[in-house]
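Working notes for the structure below.
The values are calculated or read from the model by the stated rules, or taken from the named source; none is laboratory data. Note that the structure is a prediction, hence the values are computed from the model and not measured. Here the Cβ is made from the backbone with ideal geometry for all residues, glycine too, and neighbour counts use every protein chain on show. Just so you know, the surface numbers come from the protein's heavy atoms only, side chains and all, with ligands and any DNA or RNA stripped out. Shrake-Rupley method; radii C 1.70, N 1.55, O 1.52, S 1.80 Å.
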Amino acid sequence: MAQQNSRPNREPEDGAPEPNFNWRGLILFVVAIALIGGAFYANGNPNAKNPPVPYTKFLEELKKEESKINKSSVIIVVAPGRVLDHIEAEWDKKPIRVQINMEFNRTAEADIRAAGVDYQLREDGNSLLVTMMVNLMPIFLIILLIYFFFRQQIRMAGKGAMSFGKSKARMLARDKNKVTFKDVAGVEEAKDEVQEIVEFLKDPKRFQKLGGRIPKGILMVGSPGTGKTLLARAIAGEADVPFFSISGSDFVEMFVGVGASRVRDMFEQGKKAAPCLIFIDEIDAVGRHRGHGMGGGHDEREQTLNALLVEMDGFDTQDGVIIIAATNRPDVLDPALLRPGRFDRQVTVSLPDVKGREEILKVHAKKVKMGDDVDLAVTARGTPGYSGAELANVINEAALSAARRGAKAIAHLDLEEARDKVRWGKERRSLAMSDKEKENTAYHEAGHAILGCLLTNVDPLHKVTIIPRGPSLGSTMYLPTEDKYTHRKKELLDRLVMIMGGRVAEELVFGDVTNGARGDIGQATNITRKMVCEWGMSENLGMVDYSEGEEHVFLARDISRSRSFSEVTAQEIDREVKKLCDDAYARATELISANRDKLEIIARALLEFETLDGDQVKDIVKTGGMSNPPARPVSKTVPAPKETPVIDPQLELGGLSGAPA
């Protein structure tokens, strides 16, 4: 399936603009702070030029014979509703302000008259209402500040609080969705089935003439990366109807009842826009089996699923709303969700075949510049089992590789390296390995490679290398010539023998083994157990299914599941698995021992050239040398193995000829 990396721009809900920084509120905030500060300053210091003086000190100075107070300038200010408010005078030729508390200084006016002061009375012009307004002004300014500065935030917060139970489904605009069925390749059958939905929406009378009805729902099932979401976007690009997109995780929140409310609101929006399409990605997040919850309490996911079941085909049927869902775990979905009437059709989006892979590569190759030596058909044949996402990554990695080389176009070597990098990992040439470890790795990989050439029922050898790639120190790569959907017993037995080759070579050459065969052991055990328990390839146990569902385990459902066979049968299974592994090991030992000289030559060539193609290894096995050896790496030091094969000095880059070990 061709993949599209671009994603539509996510618009805010209900078309609201994204909140920006409130510069106007910030300016208002600064001005308000200045006004509030000024008001408080003015209230605390009515006359900043007349510093306040305590009344007792003023009275003592006033009673002195040589007082510094100008007695003719004393003014008693009378405030409304009070006898005295304060006194204004000149002290040492400077204006002063005297504070008076009338509760404790009721004789102030008499004391001033007794000091011989011919004072003046002046009423304060501010009324009680004005004074109150001046005192309350800072409070009003604070309220005004909160309103203007936080107006946008309050508006958004109110909107979010009121729309907590609203659906998060986003309508995909037609002008922003550039994906159509032309961008989808590799899954023609799945594309035909969903294309029928688009045609039904465009011309429903064509299908309703014979009484047919539009499907309620389509469930797209497939491995990750096969293009389920891309196919849904192509439907949106082709259909001239509203298209809503939502993820299964968008329904579930921390508050109870929100998921069910969002389901109802989503269908309410769909009913208003009917006919329309609603796409739910990763529906297994909300559609899992009911009744398998771990622990007590309210199961929010079950309530959300119940609401979804009712809306899809309950008492109140929503006509014209088509649900398209995608998942890669259909085994955990609730059976009520999968029945006809809800999801009428299940579309399997499988891995592409060789023709589909070529079409996918062509779709992505349009976006990059390809060299003249590139043949996408060859690349498609060399990428069996690759998903659409992996093929898109192959093209992208090849473009990056060509850019690093400074090339103007992608070459065939870039695609080869990108293919190996995507599947097996990047080469780690900087990894420091001792000569002893390199020698051990060379013999280990040579054991796999030689058996890959001697056995007849295995995939052809593609490449063998002792350059660390990904998590492994060396790799032996095989690529099938065609897509395989079944496995024969002879093929599996030969594959087991080939897997044992690395450990056998280590034991024969060094008389000791390492932990480098850990992955081989796990792979062999997995194959033999499937042969015995699932595929009925054991003569003693026969065609009985002894599997325990290890592939897809649903914890809440399978935690209490017990095996359906006895302990005696379990012991027989273990014996049969071990027998298959032991037989494969014995056969591998026999073949490698009979071709020990070829093993030495392949290992020596790996130590010298680091990487050998499958044809070069086959050449060594058939003729004992290479007619077209690879170029030697720069500054390469080759440690001498225990038994050094004889190399013809006249063949500088010629073939290798080995002496029997």
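Among (1) open to solvent by 30 Å² or more (accessible area, probe 1.4 Å); (2) at positive phi; (3) in contact (Cβ under 8 Å) with a residue 24 or more places away in the chain, there is one condition Gly470 misses while meeting the rest; what is its number?
(1)
With respect to Leu201, determine if the residue is surrounded by 21 or more Cβ atoms within 10 Å (Cβ to Cβ), aliphatic (A, V, I, L, M) and in contact (Cβ under 8 Å) with a residue 40 or more places away in the chain.
Here the answer is no, as Leu201 does not meet what is asked.
Which one of Asp265, Asp299 is at pLDDT below 80, touching a Gly at 6+ places or on another chain (Cβ under 7 Å) and not basic (Lys, Arg)?
On inspection, the qualifying residue turns out to be Asp299.
Taking Val332, is it touching a residue at least 24 places away in the same chain (Cβ under 8 Å) and more than 22 Å from Val187 (Cα to Cα)?
So Val332 passes the test.
Which numbered condition trips up Tyr386, out of (1) at pLDDT below 90; (2) open to solvent by 10 Å² or more (accessible area, probe 1.4 Å)?
Of everything listed in (1) at pLDDT below 90; (2) open to solvent by 10 Å² or more (accessible area, probe 1.4 Å), Tyr386 misses just condition (2).
Looking only at residues in the stretch 71-104 that are open to solvent by less than 40 Å² (accessible area, probe 1.4 Å) and not in a strand (DSSP E or B), which one is modelled with the highest pLDDT?
So the residue we want is Ile100.
Tally time: how many residues in the stretch 353-370 are over 16 Å from Phe181 (Cα atoms) and in contact with an Asp or Glu (Cβ under 8 Å, 6 or more places away or on another chain)?
Of the residues in that region, 2 qualify.
Looking only at the stretch 446-458, count how many residues are open to solvent by 50 Å² or more (accessible area, probe 1.4 Å) and out of contact with any Leu (no Cβ under 6 Å at 6 or more places or on another chain).
Initial filter on the stretch 446-458 (open to solvent by 50 Å² or more (accessible area, probe 1.4 Å)): 454, 456-457.
With out of contact with any Leu (no Cβ under 6 Å at 6 or more places or on another chain) added as a condition, the list becomes 456-457.
Looking only at that region, the number is 2.
For the stretch 408-439: of the residues being assigned to a helix (DSSP H, G or I) and open to solvent by less than 30 Å² (accessible area, probe 1.4 Å), which is farthest from Arg381 (Cα to Cα)?
The residue in question is Glu439.
What single numbered condition from (1) open to solvent by less than 60 Å² (accessible area, probe 1.4 Å); (2) touching a helix residue (DSSP H, G or I) at 6+ places or on another chain (Cβ under 9 Å); (3) touching a residue at least 24 places away in the same chain (Cβ under 8 Å) fails to hold for Lys530?
Going through the list (1) open to solvent by less than 60 Å² (accessible area, probe 1.4 Å); (2) touching a helix residue (DSSP H, G or I) at 6+ places or on another chain (Cβ under 9 Å); (3) touching a residue at least 24 places away in the same chain (Cβ under 8 Å), Lys530 breaks only (3).
Here are some residues: Lys362, Lys436. Which one is closer than 30 Å to Val194 by Cα, more than 23 Å from the chain's Cα centre (by Cα) and among the charged types (D, E, K, R)? Step through it out loud before you land on a result.
On the way: Lys436 fails: closer than 30 Å to Val194 by Cα.
Of the residues listed, the single one that is closer than 30 Å to Val194 by Cα, more than 23 Å from the chain's Cα centre (by Cα) and among the charged types (D, E, K, R) is Lys362.
If you check every pair at least six apart or on different chains, which have Cβ atoms under 8 Å apart with a residue in the stretch 592-614 that is within 29 Å of Leu413 (Cα to Cα) first and a residue that is among the polar types (S, T, N, Q) and assigned to a helix (DSSP H, G or I) second?
As it stands, the answer is Ala605/Gln616, since those pairs meet every condition given.
Considering each residue of the stretch 358-382, count those that are without any contact (Cβ under 8 Å) to a residue 60 or more places away in the chain, within 13 Å of Ile395 (Cβ to Cβ) and open to solvent by 60 Å² or more (accessible area, probe 1.4 Å), and give that number.
Final tally of qualifying residues: 3.
Quick one: is Phe164 in contact with a Phe, Trp or Tyr (Cβ under 6 Å, 6 or more places away or on another chain), more than 30 Å from Pro352 (Cβ to Cβ) and modelled with pLDDT under 75? Lay out the reasoning, then the answer.
Working: in contact with a Phe, Trp or Tyr (Cβ under 6 Å, 6 or more places away or on another chain): no; more than 30 Å from Pro352 (Cβ to Cβ): yes; modelled with pLDDT under 75: yes.
Answer is no for this residue.
Counting only residues that are assigned to a helix (DSSP H, G or I) and open to solvent by 50 Å² or more (accessible area, probe 1.4 Å), which one in the stretch 338-357 is nearest to Glu189 (Cα to Cα)? Step through it out loud before you land on a result.
Let us first name the residues in the stretch 338-357 that are assigned to a helix (DSSP H, G or I), namely 338, 354-357.
Those still in the list that are open to solvent by 50 Å² or more (accessible area, probe 1.4 Å) too: 354-355.
Values: Val354: 15, Lys355: 13 Å.
Looking at the filtered set, the residue picked out is Lys355.
Restricting the first residue to the stretch 483-507 and requiring it to be free of Cβ contacts under 8 Å to residues at least 24 places away in the same chain and of a type outside the set (Phe, Trp, Tyr), which pairs with a second residue that is open to solvent by less than 10 Å² (accessible area, probe 1.4 Å) and in a loop (DSSP other than H, G, I, E, B) meet a Cβ separation below 9 Å and a spacing of at least six or different chains?
none
Yes or no: Arg557 modelled with pLDDT under 90, assigned to a helix (DSSP H, G or I) and over 21 Å from Cys453 (Cβ atoms)?
So Arg557 passes the test.
Go over the candidates Ser635, Ser564 one by one and state the one that is of a type in the set (Ser, Thr, Tyr), surrounded by fewer than 17 Cβ atoms within 10 Å (Cβ to Cβ), at pLDDT below 85 and on the phi > 0 side of the Ramachandran plot.
None of the other options fit; the residue is Ser635.
Exactly one condition in (1) of a type outside the set (Val, Ile, Thr); (2) buried (at least 19 other Cβ atoms within 10 Å of the Cβ); (3) touching a Leu at 6+ places or on another chain (Cβ under 9 Å) is not met by Leu607; state its number.
(3)
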